[in-house]
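Structure record follows, encoded as structure tokens.
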Amino acid sequence: MNHSNKLLAIKLAHTLIWIFFVVVIFYVVYSGITGNINTYTWLGIGFVIGEGIVLLLFKMFCPLTVLARKYSDSQKDNFDIFLPNWLAKHNKLIFTTIFLLGLVLVVIQTFF
């Protein structure tokens with residue numbers, strides 16, 4: 001497989017994983033709003049926290065971004081994922097904020 005095909009495969013995998021985490025984050029928010037908190041809510045919270053730990057270990061970069069760097073010298077924020085550049089640039093801030101909101105709502109619904 002040549003470099004462009006490897007980068008394409010990484011971009012596809014990265015995008016699918018991103019979609020998974022966005023769905024999980026919005027499920028956590030949904031659970032917090034509706035009070036429908038269940039095993040999937042807690043699993044989702046665990047997955048997102050786990051992803052946060054992975055990002056911390058990789059100095060706030062996704063491991064797929066680190067891998068994709070081998071196949072591209074692009075300086076764009078979306079060189080390794082099928083997202084608009086502005087979203088790729090602000091992705092962590094946007095979705096961490098949404099997740100924390102959902103987490104607060106879940107905690108309030110669970111303990112108060």
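The table for this structure:
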item: Candidate set from region 58-69 (those that are part of a helix (DSSP H, G or I) and without any contact (Cβ under 8 Å) to a residue 12 or more places away in the chain); member that is most open to solvent (accessible area, probe 1.4 Å); result: ARG69
item: So VAL48, is it more than 18 Å from PHE20 (Cβ to Cβ), open to solvent by less than 70 Å² (accessible area, probe 1.4 Å) and in a helix (DSSP H, G or I); result: no
item: Matching residues in region 75-112 - criterion: being open to solvent by less than 60 Å² (accessible area, probe 1.4 Å), under 21 Å from LEU16 (Cα atoms) and not polar (S, T, N, Q); result: PHE79, ASP80, ILE81, LEU83, LEU87, ALA88, ILE94, PHE95, ILE98, PHE99
item: Which numbered condition THR39 misses (of (1) more than 29 Å from LEU101 (Cβ to Cβ); (2) open to solvent by 50 Å² or more (accessible area, probe 1.4 Å)); result: (1)
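The values are calculated or read from the model by the stated rules, or taken from the named source; none is laboratory data. For clarity, every value in this text was computed on a predicted model and none was experimentally measured. FYI the Cβ positions are ideal-geometry reconstructions off the backbone, even for glycines, and counts take in every protein chain you see. Surface accessibility is based on the protein's heavy atoms, side chains included, excluding ligands, DNA and RNA. Shrake-Rupley method; radii C 1.70, N 1.55, O 1.52, S 1.80 Å.
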